[in-house]
1. Quick one: pull the percent of accessible area on the chain belonging to carbon and sulfur, 1.4 Å probe, ligands and nucleic acids left out.
2. Given points 7 Å out from each Cα along the Cα-Cβ axis, report the residue 94 to residue 2 separation in nanometres with one decimal.
3. Using the C-alpha gyration tensor of the range 11-94, what are the square roots of 5 times its eigenvalues, in whole angstrom, with the largest one first?
4. Considering only DSSP states other than H, G, I, E and B, which trypsin sites (Lys or Arg not before Pro) in the range 195-268 qualify as loop sites with at most 12 other Cβ atoms within 10 Å?
5. What does the convex hull of the Cα atoms of the range 203-316 come to per residue, in Å³, rounded to a whole number?
6. Taking R0 as 25 Å, what's the FRET efficiency between residue 33 and residue 245 from their Cβ-Cβ distance, rounded to 0.05?
7. Take the Cβ-Cβ distance between residue 310 and residue 114 as r, set R0 to 30 Å, and report the resulting FRET efficiency rounded to the nearest 0.05.
8. With springs only between Cα atoms under 10 Å apart, run a GNM on the chain and tell me which of 177, 18, 318 wobbles the most.
Amino acid sequence: MERRTIGAGALKVGAIGLGCMPMSWAYTESERDGESSMRTVHAALDRGVTLLDTADMYGPFTNELLLGRVLRRRRADVFVSTKCGLLVGEQHIVANGRPGYVKRACDASLRRLQTDVIDLYQLHRADPEVPIEETWGAMAELVAAGKVRSLGLCAVGARERRRGSSAPAYAGTLRQLERIQQVFPVSCVEAELSVWSPEALASLLPWCEARGIGLLAAMPLGSGFLTGTLTPGGGFERDDVRARHPRFTAEMMAANQPIVAGLRRVAARHGDATPAQVALAWLLAQGRHVVPVPGTKKERWAVENAAAARLELTARDLAEIAALPAAQRSWD
């Protein structure tokens with residue numbers, strides 16, 4: 001299976017990763033099951049997926065503990081990415097970028113993951129009370145100490161533009177990247193990128209390509225919308241983040257159905273391909289620096305997503321996807 005490179009360290013990962021967040025956080029609590037999640041991870045690894053993406057805040061902590069059970073047996077098969085910088089309280093989430101905290105958080109993640117080294121350590125969010133250079137410097141010290149192999153940043157900025165800012169999408173992230181790049185090389189940026197949310201293509205991906213930096217495409221299936229398995233008005237459990245998100249109202253989901261219909265048309269030309277596989281193949285066609293990281297807790301979807309790496313879209317397919325209507329913009 002194709003391999004892609006993350007950053008100047010030439011760390012190789014599979015063409016498609018596995019986002020493990022839904023197994024412990026944000027989506028449909030009634031469907032969470034540790035043993036089922038374990039089977040899902042193993043099934044993905046058996047089919048060539050190598051990158052597993054998590055964070056200490058997912059659970060909190062339980063997602064890393066779950067992956068630790070996998071790493072204990074299959075560390076050589078896994079490129080593990082985790083994140084620090086966000087603390088989960090009873091009713092709130094706050095950023096903490098203090099150097100001492102970052103180092104303690106890394107040690108705790110290493111223990112939970114049952115590994116001696118983290119392949120990619122990402123800053124989940126910058127702390128507005130701490131210069132990002134100080135946080136990044138502490139993370140760089142973790143690389144020097146052999147606890148971390150490479151560093152990444154989770155992007156913010158597209159949402160700010162949608163809320164009415166005149167600044168280009170990801171302008172804030174690009175400023176942060178330029179600052180921390182002076183302290184220690186950035187190997188990877190994680191940002192939302194999908195057929196219905198393509199803003200990162202305009203400026204963030206070109207910035208990464210020019211520097212040989214990987215881009216992890218988060219929410220590549222539009223939090224499930226692009227799979228075509230969600231019914232407008234079908235509803236979500238109260239704990240599911242989509243229950244409170246304006247893009248998942250019945251009206252918005254209905255308005256954006258032409259995007260799913262277009263993916264179905266393309267899939268139909270490829271035999272038994274699915275809309276989700278077309279959406280992932282479209283991301284792979286955006287360049288060798290892009291690694292989609294679809295999240296799932298179910299083995300069936302993990303197997304389907306991994307198979308998308310073998311789907312090659314034609315020029316006609318890509319032109320048809322490019323001509324799909326833009327998503328309706330009731331996003332945040």
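The values are calculated or read from the model by the stated rules, or taken from the named source; none is laboratory data. Everything numeric here is computed off the predicted structure, so don't read it as measured data. Here the Cβ positions follow ideal geometry from the backbone for every residue, glycine too, while neighbour counts run over all protein chains shown. Note: accessible area is taken over every heavy atom of the protein model, side chains too, but ligands, DNA and RNA are not part of it. Shrake-Rupley method; radii C 1.70, N 1.55, O 1.52, S 1.80 Å.
1. Values: 7010 of 14030 Å².
Summing carbon and sulfur atoms, their accessible area is 50 percent of the total for the chain.
2. 4.4
3. Working through the eigenvalues yields semi-axes of 23, 15, 11 Å.
4. 238
5. Taking only Cα atoms, the range 203-316 has a hull volume of 131 Å³ per residue.
6. Numbers: r = 24 Å, r/R0 = 0.96.
So the FRET efficiency works out to roughly 0.55.
7. Details: r = 32 Å, r/R0 = 1.06.
After rounding to 0.05, the efficiency reads 0.40.
8. 318
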